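Before any comments, here is the structure.
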Amino acid sequence: MNEHADNTDNPVLYEVQGPVALVTLHRPEYHNAQNSRMTYALDAAFKRACDDDEVKVIVLRGAGKHFSAGHDIGTPGRDIHQSFDRASLWYDHVNKPGGEFLYAREQEVYLGMCRRWRDMPKPTIAMVQGACIAGGLMLAWVCDLIIASDDAFFSDPVVRMGIPGVEYFAHVHELNPRIAKEFLFLGERMGAERAWQMGMVNKVVPRDVLEDVTLDVARRIAQMPRLGLQLTKQAVNNAEDLMGKRATMDMVFGLHHFAHVHNELVSGDKLGGYDARAMAQSQRNPLEA
């Protein structure tokens, strides 16, 4: 079965190849920066895959040169002030005063959505090429496996904004604590090879075989019994939570929003004066500047 349900105007594409659902972030002209429209479309695609008994494994990938440049903080499609039909019981953020605006929005579209996706009952694989930055990390980290191309890189530069990491704060579980501090303190790129050495990535392969390798792994996983996969995933996720993953995330989410409010009080800007261009520039190697 080969099912294409979307056209080029949609921010997420959905396709099924045998037992594998391919969910594709599709804003390549903006390096798959995540606006709310994309986030809700992604949630709908994941739900569709979970509802389909023929789908055993879900692959998340990004169209174009990069997996994802993170949250949309500057494209023409930025829709932070727009209301959507919500996936949780959180109330709408639009027209809420002060810090409540971002707190309510990010409980839904960032922390809430990511936790929902992490708990999907089917194995998920992130297929990462190029940039996986800030909000892009959140999408990769909720997946059970990460397979990266040898040109992929990972970073969380939001400490430059005075903010202690992205909302889905899994850094200490994806990397050991000392490496997590380095990753955040510097906000610089971590190449795919080092990410593999640190245990954040399962495989690093040449870009031209990334899809073939990822689909091969997905199909081999799909040979396992559905319930066995679900129970195994649940067991490992629960073990992580017992090690403090969920509690740490709740604590850091509060610090994250304290930082937003502090920035607004000091400078009038929740992001501490950084726009999309400035953040992109901060990620360039000195030889590229």
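The values are calculated or read from the model by the stated rules, or taken from the named source; none is laboratory data. Values in this document were obtained by computation on a predicted structure and should not be read as measured data. Note that each Cβ is placed from the backbone with ideal geometry, even for glycine, and that neighbours are counted across all protein chains shown.
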I'm told ASP53 meets every condition in (1) closer than 30 Å to GLN230 by Cβ; (2) in a helix (DSSP H, G or I) except one. Can you identify the failing condition by its number? (2)
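Quick check on ARG105: is it surrounded by 18 or more Cβ atoms within 10 Å (Cβ to Cβ) and more than 30 Å from GLY273 (Cβ to Cβ)?
Against the criterion (surrounded by 18 or more Cβ atoms within 10 Å (Cβ to Cβ) and more than 30 Å from GLY273 (Cβ to Cβ)), ARG105 does not qualify.
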LEU265 vs. criteria more than 26 Å from GLY165 (Cα to Cα) and not in a loop (DSSP other than H, G, I, E, B): no
Restricting to segment 1-50, give me the number of residues that are part of a loop (DSSP other than H, G, I, E, B) and modelled with pLDDT of 95 or more. 9
Please go through (1) free of Cβ contacts under 8 Å to residues at least 24 places away in the same chain; (2) under 30 Å from ALA222 (Cβ atoms) for GLN129 and return the number of the only condition it doesn't satisfy. (1)
Do we find a residue being over 27 Å from TYR103 (Cα atoms), among the basic types (Lys, Arg) and surrounded by 15 or more Cβ atoms within 10 Å (Cβ to Cβ) anywhere in segment 273-284? no
Filtering segment 174-205 down to residues that are among the small types (Gly, Ala, Ser) and assigned to a helix (DSSP H, G or I), which residue is surrounded by the fewest Cβ atoms within 10 Å (Cβ to Cβ)? ALA180
Restricting to segment 159-191, count the residues that are hydrophobic (A, V, I, L, M, F, W, C), free of Cβ contacts under 8 Å to residues at least 60 places away in the same chain and more than 20 Å from MET279 (Cα to Cα). 2
Pick out the one residue from VAL236, VAL252, VAL213 that is within 22 Å of LYS56 (Cβ to Cβ), within 20 Å of the chain's Cα centre (by Cα) and assigned to a helix (DSSP H, G or I). VAL236
Taking segment 24-73 and the residues there that are closer than 15 Å to VAL128 by Cβ and of a type in the set (Val, Ile, Thr), the one that is surrounded by the fewest Cβ atoms within 10 Å (Cβ to Cβ) would be THR24
